1. Looking at segment 152-174, which of its residues are open to solvent by less than 60 Å² (accessible area, probe 1.4 Å), within 13 Å of the ligand (Cβ to nearest atom) and either farther than 30 Å from VAL10 by Cα or in a helix (DSSP H, G or I) (or both)?
2. Does LEU79 fit the bill of being closer than 23 Å to TYR104 by Cβ, surrounded by fewer than 20 Cβ atoms within 10 Å (Cβ to Cβ) and touching a Ser or Thr at 6+ places or on another chain (Cβ under 8 Å)?
3. Among the numbered conditions (1) modelled with pLDDT of 95 or more; (2) open to solvent by 20 Å² or more (accessible area, probe 1.4 Å); (3) near the ligand (Cβ under 8 Å from one of its atoms), tell me where GLU72 comes up short.
4. I need every pair where a residue in segment 66-95 that is among the acidic types (Asp, Glu) has its Cβ under 7 Å from the Cβ of a residue that is more than 8 Å from the ligand (Cβ to nearest atom), sequence separation at least 6 or different chains.
5. Being more than 12 Å from the ligand (Cβ to nearest atom) and either assigned to a helix (DSSP H, G or I) or under 19 Å from the mean Cα position of the chain (by Cα) (or both) is the filter here; which residues of segment 107-150 pass it?
6. Which helices (runs of 4 or more DSSP H) does segment 9-106 wholly contain that include 1 or more residues that are farther than 30 Å from GLU170 by Cα?
7. Quick one: would you say VAL39 is among the aliphatic types (A, V, I, L, M), at pLDDT below 95 and farther than 23 Å from LYS164 by Cα?
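The values are calculated or read from the model by the stated rules, or taken from the named source; none is laboratory data. Because the structure is predicted, anything quoted here is derived from the model rather than measured. Glycine gets a Cβ as well: all are built from the backbone with ideal geometry, and neighbour counts include every protein chain shown. Heavy atoms of the whole protein, side chains included, go into the accessibility calculation; ligands, DNA and RNA do not. Shrake-Rupley method; radii C 1.70, N 1.55, O 1.52, S 1.80 Å.
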Amino acid sequence: MPGKVDRKVVAIYPGTFDPITNGHIDIIKRGVNIFDKVVVAIGHNPKKQHMFTLEERKDMIRHSIPDIKNIEIDTFNGLLVDYAKKKGAAAIIRGLRAVSDFEYEFQMTLMNRTLDVTIETVFFMPSEEFVYLTSSIIKEVSRYIDNKENLIKFVTPYVLQKLKERLKNETQSC
Ligand code: COA
């Protein structure tokens with residue numbers, strides 16, 4: 001169409017992804033169905049102790065979603081809204097799993113909106129099998145479960161392998 005500007009609508013999906021789970025992948029797939037590009041952005045939450053480094057988390061995301069097009073995987077420091085602006089993003093994607101997520105997400109959304117009114121936050125609900133899934137629960141269960149293969153419902157084979165390697169190294173260094 002003459003005069004039509006081909007503007008790609010970019011969204012940021014931020015998180016700690018320590019590690020990425022199938023619940024995150026569910027949200028990413030919903031995001032790419034709506035937006036032209038989704039930037040999966042690994043941020044730093046000072047309240048959390050990480051099992052994997054930023055580079056390891058990035059590597060796990062890359063290997064877990066090799067077939068999804070229109071994705072960029074990146075890391076960021078500082079304020080999320082500043083990063084979103086730098087990326088030319090119109091939206092921030094967050095997953096909303098249960099009512100317990102609501103208060104925290106509400107607070108974060110309103111703060112981000114106060115910091116930058118031009119960036120909208122949108123929420124996707126994951127499939128019900130991922131509603132109670134968190135990265136922390138995966139890390140905790142993977143330490144104690146006898147048959148780690150049972151975790152394959154919740155993480156990709158690549159992430160499962162990395163979890164096993166990390167736990168083996170931890171046991172050896174004790
Ligand atoms: N499937 C599975 N798990 C999911 C999920 C889904 N669909 N959606 C959320 N989760 C889990 C995550 O695994 C994570 O679990 P964990 O607590 O065990 O690690 C938890 O729910 C939510 O954490 P996450 O989505 O990783 O975000 P966060 O609350 O740690 O925030 C940032 C991370 C980077 C987005 C946030 O700290 C940030 O914006 N930092 C930049 C600084 C800034 O701008 N601060 C002001 C914000 S108002």
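1. Across segment 152-174, the qualifying residue is only VAL159.
2. no
3. (3)
4. GLU72/LYS37; GLU72/VAL39; ASP74/VAL39
5. Of everything in segment 107-150, those that are more than 12 Å from the ligand (Cβ to nearest atom) and either assigned to a helix (DSSP H, G or I) or under 19 Å from the mean Cα position of the chain (by Cα) (or both) turn out to be GLU120, VAL122, SER142, ARG143, TYR144, LYS148, GLU149, ASN150.
6. 22-34, 80-86
7. Judged against the criteria, VAL39 is not a match.
Results for (1) within 23 Å of LEU115 (Cα to Cα); (2) open to solvent by 30 Å² or more (accessible area, probe 1.4 Å), shown as yes or no for each residue.
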position	(1), (2)
ALA11	yes, no
PRO14	yes, no
ILE20	no, no
VAL40	yes, no
GLU56	no, yes
